[in-house]
Amino acid sequence: MDIDDLLPLSGLQHVVFCERQCALIHVEGVWVENPLTASGRVEHDRVHDPAGEVRPGFRIYRALPLRSERLGVTGVADVVEFQLEDETGIWRPFPVEYKHGPKSRRLADQVQLCAQAMALEEMLGVDVPRGAVFYRTSNRRVTVECNAALRERTMAAARRYHELVEQGLTPRASYAKKCDHCSLIEACLPEITANLSGFHRKLEIARREGSDGGDT
Ligand code: SF4
């Protein structure tokens, strides 16, 4: 895959959360800063201070560049811990993604973490069976098992992400509970734009019926 075709890895969480949100950000270039996104960005900047840590049998790297041709994405891992396995002599990577908010098992976060694990596997040639998402508000780590089902979900998300970007598609809004937690709600206006689409459809049907009537 050409380097120009690689998309930001972070978009995988967007496409899982909401395809319209993904397209607004990665097709239309919409971004709205709010207190949540601002504090998330500050936290990432802090984590991305590249100073690592080295202890016998254990290393931590921050802001590690990632690339996966299989998923067609590129990005930066917040933290990757490497543990030396006595039995194999392998330094096993364990990616840790930092998130704002309380402890959660959000699929979008797990897909993003799994994509990091898959990228590390491709880059380093070692299995990465698990990693973790660290939720700052609750100060809790949630271990993510990168099993076959999550890997398949991650591949599917990557395929759909590329499809949206290549076709320049922005799916129609459909209001759901998750919209209340979406940073783009004011740009998307789901309750209005979802109804507008219906309104436009009705207008189109009325127009066609009107023109059919005019012909007879
Ligand atoms: S407000 Fe709702 S429909 Fe609009 S982008 Fe956000 S989650 Fe998607």
Segment F58-R130, extension gain: residue separation times 0.36 nm, minus the distance between their alpha carbons: 24.3 nm
Extended-chain gain in nm, criterion 0.36 nm per residue less alpha-carbon gap, T137 and E122: 2.2 nm
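What's the FRET efficiency of Q83 with N195 using the Cβ-Cβ distance as r and R₀ = 41 Å, to the nearest 0.05?
Numbers: r = 53 Å, r/R0 = 1.29.
Given R0 = 41 Å and the Cβ-Cβ separation, E is 0.20.
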Simple spin-label estimate for E145 and T74 in nanometres, 7 Å along Cα-Cβ: 3.5 nm
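For I90 and W31, what is the calculated FRET efficiency with R₀ set at 35 Å and r taken between the beta-carbons, to the nearest 0.05?
Numbers: r = 40 Å, r/R0 = 1.13.
Approximately 0.35, to the nearest 0.05.
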Dipole of the range 125-177, positive direction: furthest Cα of T154, S174, G125, with charges on the beta-carbon: S174
Extension gain from M1 to S174, taking 0.36 nm per residue of separation minus the Cα-Cα distance: 58.9 nm
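Read the figures in this text as sums done on the coordinates, not as results from a lab. Since we're looking at a predicted model, the values are computed, not measured. When we count neighbours, we look across all protein chains shown, and the Cβ atoms used for this are built from the backbone with ideal geometry, even at glycine.
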